[in-house]
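Nothing in this text is a laboratory measurement; each read-out follows from the coordinates by a stated rule. Just so it is clear, the model here is predicted, and its values are computed rather than measured. Neighbour counts run over all protein chains shown; Cβ positions are idealised from the backbone, glycine included.
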Amino acid sequence: MNNSLWIGFLLIVAALLAAIPPASAKGEHDRRLRVEVAVLRGDARLLADPATPPLRRQGLRQRIRSSLGTLGMLVRYAAQSERRPQPELMEQVADLRDLFASGNIHGLARRLDWIKSNYPLDMSGFLPLAANPSRLRAGQSIYQKLCMGCHQNPDRNQPNPAPDLFFLAATLPQDEFAARMLGGIHGVRLTTLQNPFSDEEIASLMTFFASGRRGQTGG
Ligand code: HEC
């Protein structure tokens with residue numbers, strides 16, 4: 001991304017953030033944990049797939065290592081804010097780290113399947129993805145202003161290139177795509193690193209990607 005695009009992106013994100021109250025909504029830590037589990041599970045499945053190319057595997061290992069590094073903290077935050085201790089989940093996190101450290105990726109993926117089915121992401125704010133014109137317009141507009149610069153033609157010689165969001169929408173289970181949208185978009189360091197979008201904006205983006213209308217750039 002060149003400098004002016006980048007500055008434009010920062011300004012728009014800052015403007016969006018200014019319009020959003022900073023309050024951390026109830027259940028936010030719990031959701032953050034469920035998002036992380038769904039993304040981690042998706043990454044482990046990809047790493048376990050023999051068809052995944054070597055460079056991408058390297059990137060996935062980096063992502064999984066860093067996610068497992070912070071997962072325990074997310075469990076603690078969620079337990080504190082829900083006032084519900086999660087000793088079993090802490091044990092699961094320790095097991096996940098052992099499975100990963102010993103290179104047992106299939107075991108890791110299976111364990112994450114199990115955790116994910118016990119800690120599913122609440123999709124009620126996103127489904128059904130009603131493709132009404134205003135959502136499509138909103139999704140397209142956000143994409144063109146804030147995402148396309150990085151996501152349209154990423155450098156594929158990187159371990160973790162910016163993914164093709166239309167391809168993700170067409171191929172991932174909806175809950176995993178929502179989790180990647182919730183966990184994979186970040187604000188800026190100056191204000192907050194949290195995802196700056198409301199659920200409705202995320203739903204608009206998801207609707208736009210699911211429509212597959214990538215060619216419609218005329219506005
Ligand atoms: C500055 C460049 C940049 C911008 C702007 C950007 N992204 Fe990304 N995005 C990336 C990169 C690089 C990755 C891959 C990061 C990784 O895998 O660690 C990524 C990953 C993602 C992912 C996948 C996350 C995951 O866990 O698999 C989603 C979804 C995503 N971006 C959505 C968006 C959306 C929607 C926008 C616009 C609102 C956006 N991004 C703006 C660079 C960018």
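When the alpha carbon gyration tensor of the chain is reduced to an equivalent ellipsoid, the three semi-axes, largest first, read 29, 22, 17 Å. Just check segment 28-118 against the gyration tensor rule for me: Cα atoms, a ≥ b ≥ c as the square roots of the eigenvalues, rounded for a/c under 1.5, and otherwise prolate or oblate depending on whether a/b exceeds b/c. It is prolate, given that a/c is not under 1.5 and a/b is the larger ratio. Helix 133-142 and the longest principal axis of the Cα set of the chain meet at an angle near 80°.
If packing is taken as the mean number of other Cβ atoms within 10 Å per residue, what is the order of 29-42, 190-203, highest first?
Numbers: 29-42: 21.9, 190-203: 16.0.
Ranking, from highest mean packing down: 29-42, 190-203.
Backbone phi angles across segment 30-39, fed through the Karplus curve with coefficients 6.51, -1.76 and 1.60 (θ = phi - 60°), yield HN-Hα couplings of 4, 5, 4, 5, 5, 4, 4, 4, 5, 5 Hz in residue order; Gly and Pro are listed as x.
Is segment 118-214 rounded, prolate or oblate when judged by the Cα gyration tensor, a ≥ b ≥ c being the square roots of its eigenvalues, rounded requiring a/c under 1.5 and prolate requiring a/b larger than b/c?
Working: a/c = 1.28, a/b = 1.17, b/c = 1.09.
Taking the square roots of the gyration eigenvalues as a ≥ b ≥ c, segment 118-214 is rounded.
Helix 199-211 and the longest principal axis of the C-alpha atoms of the chain enclose an angle of approximately 80°.
With r as the distance between the Cβ atoms of Gln174 and Glu91 and R0 = 45 Å, compute the FRET efficiency 1/(1 + (r/R0)^6) and round to 0.05. The computed FRET efficiency comes out at 0.90. Per residue, the average separation of C-alpha pairs within less than 8 Å and at least 6 apart gives the chain a relative contact order of 29 percent. Name the shape class, rounded, prolate or oblate, that the alpha-carbon gyration tensor gives for segment 117-174, where a ≥ b ≥ c are the square roots of its eigenvalues, rounded holds for a/c under 1.5, and otherwise prolate holds if a/b is larger than b/c and oblate otherwise. Judged from the Cα gyration tensor, segment 117-174 comes out oblate (a/c at least 1.5, b/c at or above a/b).
Note on Leu55/Arg213: beta-carbon distance plugged into 1/(1 + (r/R0)^6) with R0 of 45 Å gives a FRET efficiency of 0.90.
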